[in-house]
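A quick write-up on the structure given underneath.
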Amino acid sequence: MLKLKDLNLAMDHKKALTTHMVELKKKLDNGDLTEQEFVNKRGKLVIFTQSTMIEGQVNLFDQESNKPTFFEYGLEDLEGGLDDLPPEMTAFNVSGPIHIKHAIIKPLTNGETTMLDEMILFSDQIMGLGFKGIT
């Protein structure tokens, strides 16, 4: 539980680590991360939950868009609405939303792959990150 007034003071470590790695991978792909030499420069970051592997484009909200997606609009609308709530209110189930576009969800066991235009993954579902090399 967390008071709404303290919500912006709390850090969701899983979300911070995930978005940081996505930002670094983006810099690497764009050639902006040149001072480091890596063995596995080419590849994709993947997110693991308890039962799935998720690939896709993690939205860092670093680009302005004339037409936001449904979830982009919803997340921004929620953010603005939080300011209207009393700061003494208690927040439950606090975990950071990670917006993923063009998501490919693969079960870790045999099963059918699911593709979504976009999804929100709550950070408390993340079990780990992986780097899938391209050969």
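The values are calculated or read from the model by the stated rules, or taken from the named source; none is laboratory data. Here the structure is a predicted model, which means the values were calculated and not measured. Using ideal geometry, Cβ is built from the backbone for each residue, glycine included, and neighbour counts are taken over all protein chains shown. Keep in mind that these areas ignore ligands, DNA and RNA; they rest on the heavy atoms of the full protein, side chains included. Shrake-Rupley method; radii C 1.70, N 1.55, O 1.52, S 1.80 Å.
Using DSSP to define loop residues, name the GluC sites (Glu not before Pro) in region 64-120 whose beta-carbon has at most 11 other beta-carbon atoms within 10 Å.
64, 88, 112
Could you please put 9, 82 in sequence from largest to smallest accessible area, using a 1.4 Å probe?
Final ranking, largest accessible area leading: 9, 82.
Could you do me a favour and compute the accessible area per residue for region 57-110, 1.4 Å probe, result in Å²?
Roughly 75 Å² per residue, with all protein chains present.
Angle, helix 13-30 long axis vs. longest principal axis of the chain, Cα atoms, 0 to 90°, nearest 10?
That works out to roughly 40 degrees.
So I have (i) 60, 35, 27; (ii) 77, 29, 29; (iii) 53, 40, 31, and one of them is Cα extents along the principal axes in Å calculated from this model. Which one is it?
(iii)
Any idea which of 114, 20, 73 is furthest toward the positive side of the dipole for region 1-133, if Lys and Arg beta-carbons carry +1 and Asp and Glu beta-carbons -1?
114
In whole percent, how big is the carbon plus sulfur part of the accessible area of the chain, probe 1.4 Å, protein atoms only?
The value for the chain is 54 percent carbon and sulfur by accessible area.
Once amide H atoms are placed 1.01 Å from N in the peptide plane, what residues at a sequence separation of 5 or more from residue 52, or on another chain, have their amide H within under 5 Å of its amide H?
108
Treating the angle as unsigned and between 0 and 90°, give the value, to the nearest 10°, between the Cα long axis of helix 70-82 and the longest Cα principal axis of the chain.
Roughly 40 degrees, rounded to the nearest 10.
Considering just Cα atoms, how many Å³ per residue does the convex hull of region 64-135 enclose?
Values: hull volume 11.5 nm³, N = 72.
Output value, Cα hull per residue: 160 Å³.
Over the chain, what relative contact order in percent results from Cα pairs under 8 Å that are six or more residues apart?
In percent, rounded to a whole number, it is 38.
Rounded, prolate or oblate: which fits region 49-100 when a ≥ b ≥ c are the square roots of the eigenvalues of the alpha-carbon gyration tensor, with rounded for a/c under 1.5 and prolate only if a/b beats b/c? Each step should come with its number before you reach the end.
Numbers: a/c = 3.20, a/b = 1.25, b/c = 2.56.
Note, shape of region 49-100 comes out oblate.
With +1 on each Lys and Arg Cβ and -1 on each Asp and Glu Cβ, and nothing else charged, work out how big the dipole of the chain is about its Cα centre, in Debye to the nearest 20.
Dipole size: approximately 700 debye.
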